[in-house]
Each structure stands twice: as structure tokens, then as C-alpha cells.
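Notes follow once the structure below has been shown.
The values are calculated or read from the model by the stated rules, or taken from the named source; none is laboratory data. Everything numeric here is computed off the predicted structure, so don't read it as measured data. A quick note on method: Cβ atoms are made from the backbone with ideal geometry, for glycine too, and the neighbour counts reach across all protein chains shown. Please note that ligands, DNA and RNA were not included when accessible areas were found on the heavy atoms of the full protein model with its side chains. Shrake-Rupley method; radii C 1.70, N 1.55, O 1.52, S 1.80 Å.
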Amino acid sequence: MSKKIPDPTGKNANIRGIHELYDEDPTQADRQLWDREVEPTSRRGFLKRSSLLAMASALGASAIPFGDNMPGGLIPAALANTTEPFALAGKDGLTVLNDRPINAETPAHLLDDAVTPGSRMFVRNNGLPPEMASIDPATWTLEIAGESCENPMSFTLAELKQKFEHHTYQLQVECGGNGRSEFVPSASGNQWTLGAVACPRFTGVRLRDVLEACGVKSDAVYIGYYGADQHLSRDPSKEAISRGVPIAKAMEDESLIAWAMNDEDMPLLNGHPLRLVCGGWPGSVSGKWLKKIVIRNKVHDGAKMSPPSYAVPKYPVAPGTEVPKSDMVIIGSMPVKSLVTAPVSGVTHAAGQVLEVRGHAWAGDLSVAEVYVSIDFGASWQKAALQAPANRLAWQHWSIGVEFPEKGYYEVWARAVDSEGRSQPMVVPGWNPRGYLNNACHRIAVQVA
Ligand SMILES: Nc1nc2c(c(=O)[nH]1)N[C@H]1C(S)=C(S)[C@@H](COP(=O)(O)O)O[C@H]1N2
Ligand SMILES: [Mo]
């Protein structure tokens, strides 16, 4: 007999889909998963016990004497008596999904800027980021090595800046799991909705120029990165994540080793003082807090590099299918997608007036050819005006004036088509075990009154 088990901690009540994962009594592993994958985001909810220990100092207390009696993860009243949602320093209006590791996404209407400000760029951490106080840009070094590197070398940040030409590109970075929350049955991992995507301007040196200065052997097929963040266990022999890209992607003009975002230092949570940016691919290839790059003679084998991480089945599977790792492929270029960034979903609009609807569209390594908008649940589509990208791998802006025939409830759906004629699907596409690549149309609600 299977039955639905409520989350015994009650912490995840607002997180869609999590309970569907469990129809047996929860195991210890399940409880750990609740703690690890779906930590609470509301002060009216609960925090996990490990975070509580740190909370004594947040309360300005030296200790919480009866802390052992606190129900696992209870939020202290001193912090609970406010309606302010949890906020991340330097991140403006982002929704925090997790606090250990820190993961936060941006509501669609806060992604309205043509170029995403640092304060609005999502945060996806697999481990524990280095602390600001431990980062000294003056002594930071980047090492280039690996079996397919002719002359392994190390560069200080100043040497990188001085030896190589600087380049600035606006680059779209989207987490491979963006949209995961819509898959049924649900996939474990951050329950991203729409906002694990951004397109800031990055400045740095070309990855290619640095690799070539160190000599790329003819047998090179891949690069891999290592960052200064720690594994969640703090075990120094483990990497939080160490991924990479095929050498052809690494050698593209737009693949950067970047120190600046929008002409400012990289925000700490986005990889200060140095990160890799390979736009158009899952964000996980763009290594933060970059310490080392290896040139490999095989597919890089760092943490979260092999299936099922960042991989999808080679063939379509029915929802819920168990897929052998050998039948999975590593995700490369991301699929075509778009966002409606204005108006905000749920807006009330005056009847008889034209509603200005706008947003962005992007298509991995490709460009976007067309964007269409529907106000009748996909029965008919109107073509939006679409701008060229600022450069290759930047998202493109679209806009359209929409008229509504009468008062009532409408949804505005947006659908982009890439330069090879592939369209976003109107419904959630191919289910896959880890919940990647959901590029379904974004829709917003509009009340015409
Ligand atoms: N060192 C390091 N680099 C990393 C990660 C990480 O946890 N550690 N997360 C990756 C993932 S999964 C994504 S989606 C992007 C997110 O970049 P952002 O946090 O700057 O938005 O960083 C990638 N680079
Ligand atoms: Mo990611």
C-alpha cells in the first residue's frame, strides 16, 4: 500500500512537488534530502539545526543555552517577528531556495533590465563559497595544467590583466535545472521556477588566449575547472563541483576568464575574484572562484561531470523511468527559451488600452529568430518585435503591444523559435531523471478590468 507521507518537519509545505517523491515511510536518507535539497525560505517556517548554531551570533547572543530543546530548525522569535522575507546581502529581491548551500533565483519581473545587474543575478552554489575575508585579489593565482597542456603555468590576477587582451561580452548563463519545479514526478534538486538565468556583461581575457599561451597539445579534447569553494562536507579531498567544456567551446571568442561583471568586481556569490564564463551552456560549466584549469586528453572527470549530473537520456523516456547512466548524454548547448519580464504576472490592465509586453529570449549557442505571443492559450499567435543580440550568446529583447477583446482573465504566453526553426514547447518537455532543460513557454496572468 502506498501512501503520501507529509514532510514531518512541515518545513517544505510551500515547495511544490516534494511530497510526490515519497510514497513509503520516509527513510533517514529522505530526511536528509528534505534538509539538504529543500530548506525553508520563510521566517514563519523552520531552519535546519546546523544553521541555528550560526544563528546565535545572528541574534547577537554568545549562545542559546536551551538550544538543544529547540525543535529541529525552529526560527528564533527574535527573527520570526518580521514579515521581511529572507534576503541575501547584495541580492535585491531574489527568492532564496536554500541556505546551505546558498541558492537563490530571480523573479521574472526583476529580470526586466536589458543587461542583468549583479544584484539580480541568480546564485547557484554546490558547496560552501570562500569567505570574502579569505580572498585577496592581489595574491590570487590561476593555474593552467593538465596532461594536454604543454607548459603548465600560474598567473596572478595582475599578470592575466597585463599579458592578455581584455574583452567584454554580454553572456547568458542559465542553470541546467532552471524550470525543474514543473517536472512530474518531481526531480530532486533545487526547485527552480523561472529565474535561474541572467545575462550580465562580463569582462576578462579569452580562455583561448590563456590556454594557447600555455600550449594546447594536439590530443586535447576537454578543459576542466577547479574553484576555491569547499565541498559541503568540508572534506578537502572532495570538490564541490569541477566541470568543463569540450575544447572547441573553450576556444570560442566569447569564452572568458572574467574578473568583472557590468564594469564592477564580480559579486562574491557569483565567483569573485575570477570566474569562467562559457555562455549558452548549462551554468554549471562556468566555474566560479576559479583557481585552476586543466587541459584534458579525455572528457574531464571532475565532480558532477559524469551522468546523471547535468545529463539527460539519449532517447525520450516516460516520466519516472529509471535510466541507466550509460544511456545518458552530457548536456551541451541549452535549448531555446524566453521570459516575459513586464508586466508582472497578475497585473490588472485597463480595458481598451494597449498593454506593452516585453522580455528576453535566448537559444544556447544559436540565436533566436522569432518570438510569438498568444492571449488565447496558444490557439493563435502574434509576432513580437525582436532585437539582435548585443553580441553572440547574449539574450535578445522582444516586445509587443497587446490588445484584449473584452474584460476578463487572460494569460499572455510567449514562445521563441531558434535560428534552426526549433520552437519552445507550450507544455513541459521531455521528462528526465534530474529535471533539466525545461524550456516550456512562460505565461503570465492579466486581468482586464
Ligand atoms: N566553483 C563553483 N563554480 C560553479 C558552481 C559552484 O557551485 N562552484 N555552480 C555552477 C552552477 S551549477 C551554475 S548554474 C553557475 C551559477 O552561477 P551564479 O551562481 O553566478 O549565478 O555557476 C556554476 N559554477
Ligand atoms: Mo546549475
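Hey, any hits in the stretch 341-360 for a residue that's under 14 Å from Arg434 (Cβ atoms) and buried (at least 16 other Cβ atoms within 10 Å of the Cβ)? Break it down into steps so the answer makes sense when it comes.
Residues of the stretch 341-360 under 14 Å from Arg434 (Cβ atoms): none.
The answer is no; no qualifying residue exists.
Filtering the stretch 91-115 to residues that are part of a loop (DSSP other than H, G, I, E, B), within 12 Å of ligand 1 (Cβ to nearest atom) and either open to solvent by 50 Å² or more (accessible area, probe 1.4 Å) or modelled with pLDDT under 90 (or both) leaves only Pro101. Looking across the stretch 233-292, the residues that are near ligand 1 (Cβ under 10 Å from one of its atoms) and hydroxyl-bearing (Ser, Thr, Tyr) come down to Ser242, Ser284, Ser286. Filtered by the rule that a residue be of a type in the set (Gly, Ala, Ser), more than 16 Å from ligand 2 (Cβ to nearest atom) and open to solvent by less than 20 Å² (accessible area, probe 1.4 Å), the stretch 227-258 gives Ala250, Ser255, Ala258. Selection of the stretch 177-226 for residues being among the aromatic types (Phe, Trp, Tyr) and within 13 Å of ligand 2 (Cβ to nearest atom) yields only Trp192. At least 3 residues being at pLDDT 95 or above and within 28 Å of Ser186 (Cα to Cα) is the threshold, and among the strands (runs of 3 or more DSSP E) wholly inside the stretch 322-412 those reaching it are 328-330, 337-342, 355-362.
For the structure I just gave you, tell me whether Leu97 is over 28 Å from Ile223 (Cα atoms) and within 16 Å of ligand 2 (Cβ to nearest atom).
yes
Looking at the stretch 339-348, can you tell me whether even one residue there is more than 15 Å from Arg443 (Cβ to Cβ) and either within 16 Å of ligand 2 (Cβ to nearest atom) or touching a residue at least 60 places away in the same chain (Cβ under 8 Å) (or both)? Show your work before the answer.
Just the residues of the stretch 339-348 that are more than 15 Å from Arg443 (Cβ to Cβ), to begin with: 348.
Those left that are additionally either within 16 Å of ligand 2 (Cβ to nearest atom) or touching a residue at least 60 places away in the same chain (Cβ under 8 Å) (or both): 348.
Yes, there is a match, as at least one residue in the stretch 339-348 is more than 15 Å from Arg443 (Cβ to Cβ) and either within 16 Å of ligand 2 (Cβ to nearest atom) or touching a residue at least 60 places away in the same chain (Cβ under 8 Å) (or both).
Suppose the filter is part of a strand (DSSP E or B) and either farther than 29 Å from Pro185 by Cβ or at pLDDT 95 or above (or both); does Val428 pass it? Answer is no for this residue.
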